[in-house]
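Trainee: Below are the structure tokens for one structure; questions will follow.
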Amino acid sequence: MLRRKFNFFISDFASEAGGFTASDFDSLVSRGTIEIKESFATDDSEPLIGKPSDQAPVEEDRVLPDVLEPGCQVVFCGTAVGTRSAEIRAYYAGSGNQFWPVLARLGLTPRLLSPSEFRNVAQYGVGLTDLARFTSGGDADIAAGAFDADAFRRKIEQLHPKAIGFNGKRAAETYLGRKVVYGRQPETIGEAAIFALPSTSGAARGYWNESHWEALAAFLR
């Protein structure tokens with residue numbers, strides 16, 4: 001983390017075999033190598049390296065990697081990686097999540113995959129991503145500023161899938177900027193049809209209606 005943000009490791013400045021010590025730090029301050037400031041630089045002064053607002057998210061900070069490969073026919077996009085999925089680093093791993101069983105039932109995968117096999121969906125023409133890729137949690141926990149609809153649109157325009165399946169209303173409404181009803185939407189991304197689908201999350205079981213997922217599968221055939 002220090003190497004990426006500041007281009008050094010603290011151990012680079014260690015003068016003892018035991019590593020960086022308090023004496024080493026005091027010495028660097030006294031020589032001016034390290035400067036202590038009480039506040040961030042203002043807009044009309046030179047910015048400090050590592051100022052949080054200057055640090056745009058980088059790909060390594062993603063909670064989970066995208067699974068977006070050439071030849072992909074459908075991309076499933078959620079709001080953000082759930083808490084359990086973030087813990088074990090696998091898509092749709094929460095208790096009671098129906099995503100993987102639904103894909104198998106609809107024939108989008110030839111067998112039931114486990115969450116840990118998420119990378120394998122690419123060989124079946126399926127893609128995975130989220131609108132908020134640098135945070136995790138339930139929908140209610142995700143701040144509006146965490147979503148990047150423009151980045152998602154650019155990926156889809158480059159990938160040219162046949163369809164987009166938003167896993168849950170919030171993902172669809174966040175991207176489209178309006179309220180939606182489940183089913184195919186009038187908008188497209190390039191030539192890709194957009195479907196708003198009931199969330200597969202176990203917490204949304206009361207809103208489940210598999211017919212909308214079946215409609216997407218039929219469209220792909």
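Trainee: Is it the case that the stretch 171-179 has a residue that's within 22 Å of the chain's Cα centre (by Cα), closer than 19 Å to Ala93 by Cα and not aromatic (Phe, Trp, Tyr)?
Mentor: Within the stretch 171-179 (the criterion being within 22 Å of the chain's Cα centre (by Cα), closer than 19 Å to Ala93 by Cα and not aromatic (Phe, Trp, Tyr)), the answer is yes, since at least one residue qualifies.
Trainee: If Thr174 meets every condition in (1) part of a helix (DSSP H, G or I); (2) without any contact (Cβ under 8 Å) to a residue 60 or more places away in the chain apart from one, which number is that one?
Mentor: With respect to (1) part of a helix (DSSP H, G or I); (2) without any contact (Cβ under 8 Å) to a residue 60 or more places away in the chain, Thr174 is out only on (2).
Trainee: Of the conditions (1) modelled with pLDDT of 95 or more; (2) under 21 Å from Gly206 (Cα atoms), Gly82 clears all except one; give me its number.
Mentor: Condition (1) is where Gly82 drops out.
Trainee: Quick one: would you say Leu216 is crowded, with 17+ Cβ neighbours inside 10 Å and not in a helix (DSSP H, G or I)?
Mentor: It is false that Leu216 is crowded, with 17+ Cβ neighbours inside 10 Å and not in a helix (DSSP H, G or I).
Trainee: Taking into account only those residues within the stretch 200-213 that are without any contact (Cβ under 8 Å) to a residue 60 or more places away in the chain and surrounded by 15 or more Cβ atoms within 10 Å (Cβ to Cβ), which is nearest to His160 (Cα to Cα)?
Mentor: His212
Trainee: Could you figure out which of (1) modelled with pLDDT of 95 or more; (2) under 16 Å from the mean Cα position of the chain (by Cα); (3) of a type in the set (Gly, Ala, Ser); (4) assigned to a helix (DSSP H, G or I) isn't true of Gly127?
Mentor: (4)
The values are calculated or read from the model by the stated rules, or taken from the named source; none is laboratory data. The model shown is predicted, which means the values in this text are computed figures rather than measured ones. In this analysis, Cβ positions are derived from the backbone assuming ideal geometry, glycine residues included, and neighbour counts consider all displayed protein chains.
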